[in-house]
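Below is the structure I would like to discuss, written out as structure tokens.
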């Protein structure tokens, strides 16, 4: 968990820098395709953060619900996963 948290924080710090860089690129009237490429890189980096957090959720929250023997909690955690995947697929 700690490794994933650190990795997610590092990626987000990188994304933060990239977003500021895009702002400078726009202010400097840089080539549109170069800006778009940077936006796509940010989108990819955020997807990796999503994956890290989802893995952590599965390894902790979902696993705890399965171990709890509480059918309502198990259903709730499963439904959360379904809703996340639905949003990702849009």
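Please determine, in degrees from 0 to 90 and to the nearest 10, the orientation of helix 71-89 with respect to the longest principal axis defined by the Cα atoms of the chain, where the helix direction is its Cα long axis.
The answer is roughly 20 degrees.
If you fit an axis through the alpha-carbon atoms of helix 2-27 and take the longest principal axis of the Cα set of the chain, what angle between them do you get, 0 to 90°, nearest 10?
Taking Cα atoms only, the helix is inclined about 30 degrees.
Another question about this same structure. For helix 32-57, report the angle its Cα long axis makes with the longest principal axis of the Cα atoms of the chain; keep it between 0 and 90° and round to the nearest 10°.
So the helix axis and the longest Cα principal axis differ by about 20 degrees.
Give me 78, 85 ranked fewest to most by other Cβ atoms within 10 Å of their Cβ, as a rough exposure proxy.
Exposure proxy ranking, most exposed first: 85, 78.
Now, a different point. Please check: in the Gaussian network model of the chain (C-alpha springs, under 10 Å), which one of 11, 24, 43 has the largest mean-square fluctuation.
Looking only at 11, 24, 43, the largest GNM fluctuation is found for 24.
With runs of 4+ DSSP H residues as the only contributors, calculate the mean residue ellipticity of the chain at 222 nm using -39,500 (n - 2.57) per run, divided by the residue total and rounded to the nearest 500.
On the way: 4 runs with 77 residues, N = 90.
So the helix-based figure for the chain works out to -29500 deg cm²/dmol.
Bear in mind that the values in this text are calculations on the coordinates, not laboratory data. As the structure is a prediction and not an experimental result, all values here were calculated from the model. Cβ: placed from backbone, ideal geometry, glycine included. Neighbour counts: every protein chain shown.
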